[in-house]
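S.K.: Can you keep this structure in mind? I'll have questions shortly.
The values are calculated or read from the model by the stated rules, or taken from the named source; none is laboratory data. Nothing here was measured: the structure is a model prediction, and the numbers come from that model. As a convention, Cβ positions derive from the backbone with ideal geometry for all residues, glycine included, and neighbour counts pool all protein chains shown. Note: accessible area is taken over every heavy atom of the protein model, side chains too, but ligands, DNA and RNA are not part of it. Shrake-Rupley method; radii C 1.70, N 1.55, O 1.52, S 1.80 Å.
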Amino acid sequence: MQASYLPLILTAVFLNAMAQLALKQGAGRLGGISLSVDNIVPLGVQVIFNPWIFFGLFLYGVSVVLWILALSRVEVSYAYPLLSIGYIIVAVAGYFLFDESLSAVKLLGIALIIAGVICLSRP
């Protein structure tokens, strides 16, 4: 029964990962942020009107709604480990979208995450 909700869970996880990537894109467009009393209002305006940050927050909100739907139907011990798939999505997308490193150690970590998700999602 829980496996029938896998598409819902994976959609929530995917949207969460996409939200993080959109927030990263938006933060990159803001440049180096230095928070102080003097710049809090101008920085707030920049954040509010940054379409990538707005889009990231929207995706995050949708992912939270889907996650709540999933948790209302499956055991948290089944659903929660699947969140770690988001780490894989973000690491791979970060490599392709932001030229972030994907070293052998990170690839090993991804393999361990995959093995862990398989182990924890089995009945």
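S.K.: Considering only protein heavy atoms and a probe of 1.4 Å, how much of the accessible area of the chain is carbon and sulfur, as a whole percent?
M.R.: Numbers: 5830 of 8090 Å².
That share works out to 72 percent.
S.K.: Additional query: Helix 51-71 sits at what angle to the longest principal axis of the chain, using alpha carbons and giving 0 to 90 degrees rounded to 10?
M.R.: Roughly 30 degrees, rounded to the nearest 10.
S.K.: Would you mind calculating the gained length between Ser36 and Tyr80 on full extension (0.36 nm times residue separation, minus the Cα-Cα distance), in nm to one decimal? Each step should come with its number before you reach the end.
M.R.: On the way: separation 44, 0.36 × 44 = 15.84 nm, distance 3.67 nm.
Additional length available on full extension: 12.2 nm.
S.K.: Another question, then. Taking the Cα-to-Cβ direction at Ile110 and at Val47 and moving 7 Å from each Cα, how far apart do the two end points lie in nm?
M.R.: 3.1
S.K.: Let me ask you something else. May I ask you to evaluate 6.51 cos²θ - 1.76 cosθ + 1.60, the Karplus curve with θ = phi - 60°, for each residue of region 31-42 and list the ³J(HN,Hα) values in order in whole Hz, giving x for glycine and proline?
M.R.: Using θ = phi - 60°, the values come out as x, x, 8, 10, 8, 8, 4, 5, 10, 5, 6, x Hz.
S.K.: If packing is taken as the average count of other Cβ atoms within 10 Å, what order do 90-101, 54-65, 12-23, 29-40 fall into, highest mean first?
M.R.: Working: 90-101: 13.4, 54-65: 16.1, 12-23: 20.5, 29-40: 9.0.
Averaged packing, sorted descending, gives the order 12-23, 54-65, 90-101, 29-40.
S.K.: Here's another thing I want to ask about it. Spin-label point model (7 Å from Cα, Cβ direction): what's the Phe14 to Glu100 distance in nm?
M.R.: Rounded to a tenth, the inter-label distance reads 2.0 nm.
S.K.: Counting helices only, and only those DSSP H runs with n ≥ 4, report the 222 nm mean residue ellipticity of the chain as the sum of -39,500 (n - 2.57) divided by its residues, in deg cm²/dmol to the nearest 500. Before the final figure, lay out each step's value.
M.R.: Values: 6 runs with 91 residues, N = 123.
The per-residue figure over the chain is -24500 deg cm²/dmol.
S.K.: May I pose another question? Quote the charge dipole size of the chain about the Cα centre in Debye, to the nearest 20; the model charges only the Cβ of Lys and Arg (+1) and of Asp and Glu (-1).
M.R.: That gives a dipole near 200 debye.
S.K.: Related question: Could you give the accessible area per residue of the chain, probe 1.4 Å, as a whole number in Å²?
M.R.: Details: 8090 Å² over 123 residues.
With all protein chains present, the chain gives 66 Å² per residue.
S.K.: Rounded to whole Å, give me the distance from the Cα center of region 61-123 to that of region 1-39.
M.R.: So the separation of the two Cα centres works out to 13 Å.
S.K.: Please tell me the relative contact order of the chain in percent, rounded to the nearest whole number, where contacts are Cα pairs under 8 Å and at least six residues apart.
M.R.: On the way: 105 pairs, mean separation 44.3, N = 123.
Across the chain, relative contact order equals 36 percent.
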